[in-house]
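Comments concern the structure below.
Please treat every number below as a calculation from the coordinates, not as lab data. Computed from a predicted structure; not experimentally measured. Here the Cβ is made from the backbone with ideal geometry for all residues, glycine too, and neighbour counts use every protein chain on show.
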Amino acid sequence: MDDANALELIRLADGCQVVSVRLASRVPAWDPDYYAADIVITSDFVNAQLRILVTLEDLDHWAGALDCIEADNLRTAGGDVITVDWPPAGNDGYLRFIVDDPYVVEVHDQPQTQISVRVPLDLDEGWISEARQRLRDMQRLINPDD
């Protein structure tokens, strides 16, 4: 897998704006648990790309993030907006999902530039099912024996 053949793990699009995560390659080549990935934002206002590292464990975290987003159904009992970070915030760039109407995805470049971009997305009802299918396809591709 190389940058030209990158595979989309995440694609959130509303017809005007897109936030995606594309797995590009294993890094380093001798360690099958780490992948170079690009978070890509495409919109009329801003186009950006951020290189991050994604682990196999991060794929499990993405499944958990989808569960959390789906289960919380927009608001907690106290009316607070739900936020979910993926991959878990820390040493690298990450996405922050803000479950509201519309959904908002923030892309954070931390700790490099400390820049973040906020992208509101009017996602279709079926976006979580599509996200789960992309995740299953990716897991089968990188772990064909599982």
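Multiplying the residue separation of residue 140 and residue 61 by 0.36 nm and subtracting their alpha-carbon distance yields 26.8 nm.
Paramagnetic label reach from residue 25 (point 7 Å along Cα→Cβ; backbone nitrogen cut-off under 20 Å): within the range 88-118, residues 93.
Give me the number: length gained by fully extending residue 114 to residue 68, i.e. 0.36 nm times residue separation minus the C-alpha to C-alpha distance, one decimal in nm. Intermediate values should be presented prior to the final figure.
Working: separation 46, 0.36 × 46 = 16.56 nm, distance 2.60 nm.
This chain segment gains 14.0 nm when fully extended.
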